[in-house]
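Some notes on the structure that comes next.
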Amino acid sequence: DPVLLSYKAALLAPDHRNTALGLTTAAGLLVATFTQPVVGALSDRTRSRWGRRIPYFIVGTLLTIVSLFAVALAPSLALLALAFMAYEFASNTALAPWQALLPDQVAPSRRGAASGLKTMFEILAFVAGRRTAGYLIADEQILASVAIAALVCGLSMIFTTRAARERRASDPIGQAMSQPLSTPGANTSWPPGFGWWFLNRGLFWGGLIALSSFVLFYLEDVVGMSFAEASRFFGDLSLVLGLSLLAIALPAGRLSDRIGRRPLIIAACLVAILGNAVLLTARTR
């Protein structure tokens, strides 16, 4: 969470907190950049009684829980960077196969609606998680914040693992996933436009991570809040943003099934550009 990492950077390097936060985040994201494609490719080729996704999801989630506590307890900036790199490796080991569960187990005609439903639950987690973390870290209850996050990770692992195994055992799409990766004459090339999509994800996450990583220090340095005020405000702001997103997640998924993905994505990008332009001029709450 940006609040936790910002708190640790400010605590361990108060005179260079932006530099410390930037370097720590960059180191972790560099690990994430290589972890997801490698683990994703490995999961595509894995065959086990648990399927090809779940083993990585379980191992990644367990390592994520351990590395969360390592981030919270890191006594120096160097160890914080190492702990955050371990966290990014662990969480992306879980995320790579987790993201493939939806196309693995949902028919193409229903993937838009399924993506909207998935996004709805992600937003609920976003709202609850960031608001909880913002208020707990504002009160310097760091371990309590991490313990709650670890509990949620553990429950997610249990529920997802069970649901995915049951779906795989009962559904023809899931059963097909257990067949050999390729057959003679099969087309194994990348889909058309994959390179552009890959570039899009890099630019999208680059902007989003830069914004979310430094927003707390922006609230302190530009708006004039204390760190505790900024943490609570960040939690409240996440609640407003999350509820707004929640209102459009399912309708957007269903609409994309009707009119296609491209028009909806273009419209969303234009709205995001406008929102960031307004943020750049903000000087008050």
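Hey, could you grab the Kirkwood Rh for the chain? Inverse mean 1/r over distinct alpha carbon pairs, Å, one decimal.
Numbers: mean 1/r = 0.0484 Å⁻¹.
Computed over Cα pairs of the chain, the Kirkwood hydrodynamic radius comes out at 20.7 Å.
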- Item | Accessible-area composition of the chain, carbon plus sulfur, in percent [1.4 Å probe] | 70
- Query: Accessible area per residue, 1.4 Å probe, Å², for the chain: what's the number?
  - Reply: 58
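What value in Å³ per residue do you get for the convex hull of the alpha-carbon atoms in the range 5-99? Numbers along the way, then the final one.
Values: hull volume 7.1 nm³, N = 95.
Here the figure is 75 Å³ per residue.
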- Query: Using the Kirkwood radius built from alpha carbon pairs, what does the Stokes-Einstein equation give as D for the range 73-149 at 37 °C and 0.692 mPa s, in µm² per second?
  - Reply: 217
- Task: Name the helices (complete DSSP H segments) of the chain with a Cα length along the long axis of 24 Å or more and a Kyte-Doolittle mean of at least 0.0, or state none.
- Result: 17-44, 54-73, 77-105, 111-138, 142-170, 194-218, 227-259, 261-280
- FRET efficiency estimate (nearest 0.05) - Cβ-Cβ, F198 to S244, R0 25 angstrom: 0.30
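The values are calculated or read from the model by the stated rules, or taken from the named source; none is laboratory data. Everything numeric here is computed off the predicted structure, so don't read it as measured data. We place every Cβ from the backbone using ideal geometry, glycine too, and count neighbours over all the protein chains shown. What goes into the accessible areas is simple: the full protein's heavy atoms, side chains included, and nothing from ligands, DNA or RNA. Shrake-Rupley method; radii C 1.70, N 1.55, O 1.52, S 1.80 Å.
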